[in-house]
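One structure is given below, encoded as structure tokens.
Taken together, the values in this text are just the output of simple stated rules run on the coordinates, not laboratory data. Only a predicted model underlies this, so the values are computations on that prediction, with no experimental measurement involved. Using ideal geometry, Cβ is built from the backbone for each residue, glycine included, and neighbour counts are taken over all protein chains shown.
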């Protein structure tokens, strides 16, 4: 085993979503173990916020990441809200790498996206209707992260294979 990956789905998605499933396949092919936490119960808590219970999402991922980091190298990956929580958790747990798909740089009054200074790859759509491409470009540029911009919308449905290949490249480089 080379390490472990925690793959966090986006808001109102699920652990069997297309993108995190593709990342799981890439990890497995390269000898990394993986898990896909289920946040659907927290996303349904609209009484907390319009994005469900984000603090509980953070807490759930933090617990899983702390446990996994004790066993060996850890990579966090996520899509949209899953990318946001992965970035924030990376500041609290030692990780080897970070993979962010359509990462929200700012979410209203919530803490802006921040992440550990580790090898990081980002994939984002030029036509993302929720997160402005220029914000992601500026965030990635300031950190000198690897950034793949694709002609796609927020869900990146036309570039699942591109995301899988970018994730595999990140893992292979660690």
If I take every Cα pair under 8 Å that is 6 or more residues apart in the chain, average their sequence separation and divide by the length, what percent do I get for the relative contact order? 21
Evaluate the distance, in nm, between pseudo-label points positioned 7 Å from the Cα of residue 130 and of residue 29 along their respective Cα→Cβ axes. 2.6
So how much slack lies between residue 2 and residue 71, counting 0.36 nm per residue of separation and subtracting their Cα-Cα distance, in nm? 23.8 nm
Quick check on the exposure proxy: order 4, 111 from fewest to most C-beta atoms within 10 angstrom. 111, 4
In the Gaussian network model of the chain, springs joining C-alpha atoms below 10 Å, which of 125, 52, 63 carries the largest mean-square fluctuation? 63
Assertion target for 40, 120, 157, ordered by fewest C-beta neighbours within 10 angstrom first, is 157, 40, 120
Out of the DSSP beta bridges found with both residues in the stretch 1-160, what percent are antiparallel (nearest 5)? 0
Gain upon complete extension [residue 45, residue 142; 0.36 nm per residue less C-alpha separation]: 31.5 nm
Could you give the length gained on full extension between residue 38 and residue 21, defined as 0.36 nm per residue of separation minus the Cα-Cα distance, in nm? 4.9 nm
Using alpha-carbon pairs under 8 Å, 6+ residues apart, how would you state the relative contact order of the stretch 103-174 in percent? 34
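What value in Å³ per residue do you get for the convex hull of the alpha-carbon atoms in the stretch 83-142?
Working: hull volume 4.4 nm³, N = 60.
Value for the stretch 83-142: 74 Å³ per residue.
Once you order the gyration tensor axes a ≥ b ≥ c over the Cα atoms, which shape class does the stretch 4-172 get: rounded for a/c under 1.5, otherwise prolate or oblate by comparing a/b with b/c?
The shape class here is rounded.
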